[in-house]
Amino acid sequence: MDEVVKDITKRMAGIDLERASTDALPSDGKVSALIAEVSGTDGFTLVYNAEDALLREIAQKMKRKPVEDMDEVGEYTREYFNVICGHVISQLNRKTQSTLRFALPQYLPFPFGGKNSRNALVLYYQSCKGSARVQGVYAEN
C-alpha cells in the first residue's frame, strides 16, 4: 500500500510523500478524511486522514487551477482516493485470491477514527504541503 499511495500522489498531483515514523497530524481541526468501505471476506475501512492544506494542494494540482472551496476539494480528492483504493484492492485480491470490493470514497470535513488497536496497517506520510495518515480499520464487533 505504501508504494501505491506515494506513486498515485506523485502521478496525480506531483507531490512527493515521504514515509514518516510518527503521526504528525495536527489536533487543531484542520484535518479532513477520505474513507472507503471495503467488503468481502474480512470487511474493513480504508481511511486517509490528511491536513486540509495537503488535500487542497492535491485538488488544485488535479484541477490545474485553484479550487473554489472545500466542497470542490472533496470532489477532486474523492477521485484521487478512488484511484488509490482501486490499486490497493486489486493488489490485495491478487495476493490473497480474494474478491474484495470497495464503495465509492466519501469526503468528510473532519478526521475519521484515530489510533485504533485493531488497525490492520497504519502508514504515516509527510510532505512540504502537510502530513497524512492512511489506515486499514477493522469494524468493531
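The values are calculated or read from the model by the stated rules, or taken from the named source; none is laboratory data. Note that the structure is predicted; figures quoted are calculated from it, not measured. Please note: Cβ atoms are built from the backbone with ideal geometry, for glycine as well, and neighbour counts cover all protein chains shown. Side chains included, ligands, DNA and RNA excluded: accessible areas come from the protein's heavy atoms. Shrake-Rupley method; radii C 1.70, N 1.55, O 1.52, S 1.80 Å.
Answer yes or no: is there a residue in region 13-20 that is open to solvent by less than 80 Å² (accessible area, probe 1.4 Å), in contact with a strand residue (DSSP E or B) (Cβ under 7 Å, 6 or more places away or on another chain), modelled with pLDDT under 95 and not in a loop (DSSP other than H, G, I, E, B).
yes
Can you tell me which condition PRO26 does not meet? The list is (1) over 14 Å from LEU108 (Cα atoms); (2) assigned to a strand (DSSP E or B), and all the others hold.
(2)
I'd like the residue in region 103-120 that is at pLDDT below 90 and within 16 Å of GLU37 (Cβ to Cβ) and, out of all such residues, is farthest from the chain's Cα centre (by Cα).
Out of the qualifying residues, it is ARG118.
Among the listed residues VAL83, VAL67, VAL88, identify the single one that is among the β-branched types (Val, Ile, Thr), open to solvent by less than 60 Å² (accessible area, probe 1.4 Å) and assigned to a loop (DSSP other than H, G, I, E, B).
VAL67
Restricting the search to region 29-44, which residues are within 13 Å of PRO111 (Cα to Cα) and either outside any loop (DSSP other than H, G, I, E, B) or of a type in the set (Asp, Glu) (or both)?
Residues satisfying the conditions are VAL31, SER32, ALA33, LEU34, ILE35.
Could we say that LEU100 is under 19 Å from GLU3 (Cβ atoms) and surrounded by 17 or more Cβ atoms within 10 Å (Cβ to Cβ) here?
Yes; evaluated as a whole, the condition is true for this residue.
For region 46-56, which residues satisfy the criterion of being open to solvent by 30 Å² or more (accessible area, probe 1.4 Å) and part of a helix (DSSP H, G or I)?
Pass one, region 46-56, residues open to solvent by 30 Å² or more (accessible area, probe 1.4 Å): 51-53, 56.
Correct list: ASP52, ALA53, ARG56.
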